[in-house]
Amino acid sequence: MNVPKSWTDQRMEEIIANLLRAGVLLAAFMVFCGGVIYLVRHGRSLADFRMFRGEPVELTTLRGISASAFRLSGRGVIQLGLLILIATPVARVAFSVWGFYAEHDRMYVVFTLIVLVILLCSLAGYAGPG
Amino acid sequence: MSVFEFTGLVWIGSLAAGFLGSLTGLGGGVVLVPLLTLLFKVDIRYAIGASLVSVIATSSGAAAAYVKEGFSNIRIGMFLEIATTLGALAGAFLAAKVSTGAIAVVFGVTLLYSAFLSRRPRSQRERDIPPDPLATRLRMNGSFPDAGGMRSYNVQHVPAGFSLMFGAGALSGLLGIGSGAVKVLAMDQAMKIPFKVSTTTSNFMIGVTAAASAGIYLSRGYIDPGLSMPVMLGVLLGSLLGARILAKAETKWLRLIFSLVIGLLGGEMIYKGLAGGI
């Protein structure tokens, strides 16, 4: 009983680890490309992060980010990469639901689903005030 | 300073933070926010957003290395993530309500406490404790490879650990750090989980916790691409380099120096927060 269970856990973790690594590499690549575009276009302007102004809608919503990334705006491409990065742990949790289901561990399917719902609520922006 | 110079300097600073953070096991996020706010005069909200993003990158990037070691316990991690993600939402919600000065003070206190914790000896005593009924029902007890073969362990005090994890999540959501120190404290001290299992499971949880508040920070406009780009790329590369030479390096002195730096930054954050400089 113990051997197959730990084997599946180990196998599941290996797949998850590869998933995460691929997600991080893809995100880093996009952030880098976006960074090159951003620096080429705005490298000589003045850096100012002292005052908090918040980001425009095109950099805070999924629709806005994908639209500005598609226009090859440097900041848009970076933000899309960051969005992919934020999505990697969410993908890990989603995959774990399937993994626990495959192990017939109903209790942990429920626990993992709770975590997934909390994450999706946050990403959808329902949990915070705007 | 031009955007070009600023990006380069922030990248170098983040590289150093990620490198030292991973080499000493204290995490890069704790020095990143003070570095950005105190040295680069970045607004603390932008600093927290960028730090949160880099925390996800290091946690996800390091996962592969931890899985090979076979120490982390995904059941413990997943169950406690219910607490950390809820805490992270609460923390991110709170971040919009309190003043930036108050956030700086809480940050400073957390830094001082982390510096204090890192000086304490790790608990490595043998634990032959009877199984706890709740932990058994939650199937948390496990085993890990040790010098003398597989060693099994029994998890204790699940409710206490769960509450501490909510606190760790709230700190993470409020300050944009991984709060690995509090997570390890909850597992190692409260739940009596072996140190190695605690640290690796903590790393596994950090990314998921940070993702819970990152969504809110993103929609609130705290995550600026121009700042997050050098921070994320620098911390990620730095922490991967740090993990690579970790096995060979003598980290005792490095840990001492790094915890002193963290303590000093903590004092400075408290002072600036109270004096209204942040």
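The values are calculated or read from the model by the stated rules, or taken from the named source; none is laboratory data. Since this is a predicted model, take the numbers as computed values, not measurements. Don't worry about glycine lacking a Cβ; one is built from the backbone with ideal geometry, like all the others, and counts go over all protein chains shown. Heads up: the accessible areas ignore ligands, DNA and RNA and are worked out on the full protein's heavy atoms, side chains in. Shrake-Rupley method; radii C 1.70, N 1.55, O 1.52, S 1.80 Å.
Which of the trypsin sites (Lys or Arg not before Pro) found in the range B:17-108 are in a DSSP loop and have at most 16 neighbouring Cβ atoms, other than their own, within 10 Å? Working shown, then result.
Details: sites: B:Lys41, B:Arg45, B:Lys68, B:Arg75, B:Lys97; in loops: B:Lys41.
Here the sparse-neighbourhood loop sites are B:Lys41.
Where in chain B lies the longest segment free of GluC sites (Glu not before Pro) that are both loop residues by DSSP (not H, G, I, E, B) and have at most 14 other Cβ atoms within 10 Å?
Formally, the longest exposed-site-free interval is B:1-125.
How many partner chain Cβ atoms sit within 10 Å of a residue's Cβ in peptide A:74-83, on average, as a whole number?
Numbers: counts 3, 5, 1, 2, 9, 7, 1, 6, 14, 4.
That average works out to 5.
Any idea of A:His42's accessible area? Nearest 10 Å², probe 1.4 Å.
We get 80 Å² for A:His42.
Quick one: which of B:Lys97/B:Lys272; B:Lys183/B:Lys252; B:Lys97/B:Lys192; B:Lys41/B:Lys183 span more than 28 angstrom between C-alpha atoms?
Flagged as over cut-off: B:Lys97/B:Lys192; B:Lys41/B:Lys183.
Cα centroids of the range A:71-130 and the range B:223-242: how far apart, whole angstrom?
Going from one Cα centre to the other spans 21 Å.
How big is D for the protein assembly as shown, in µm² s⁻¹ as a whole number, if Stokes-Einstein is applied with the Kirkwood radius of its Cα pairs at 4 °C and 1.567 mPa s? If you can, show how the numbers build up before the last one.
On the way: Rh = 21.1 Å.
Translational diffusion coefficient: 61 µm²/s.
Please list the non-local residues whose amide H lies under 5 Å from the amide H of B:Ser2, H modeled 1.01 Å from N, same-chain partners needing a gap of 5 or more.
Placed amide hydrogens put A:Ala47 under 5 Å from B:Ser2.
Within the range B:3-275, what whole-number % of the accessible surface is contributed by carbon and sulfur, with the 1.4 Å probe and all protein chains included in the calculation?
66
Quote to one decimal, in nm, the extra length available between A:Trp98 and A:Arg44 on full extension: 0.36 nm per residue of separation minus the C-alpha distance between them.
14.6 nm
One-quarter of the Cα convex hull surface for chain B, in nm²?
Values: hull surface 55.8 nm².
Directional mean of the projected Cα hull area for chain B stands at 13.9 nm².
Which value, in Å² rounded to 10, gives the accessible area of A:Trp98 with a 1.4 Å probe and all protein chains present?
150
Give me a single rounded figure for B:54-61: the average over its residues of other chain Cβ atoms within 10 Å of their Cβ.
Mean partner shielding for this stretch: 6.
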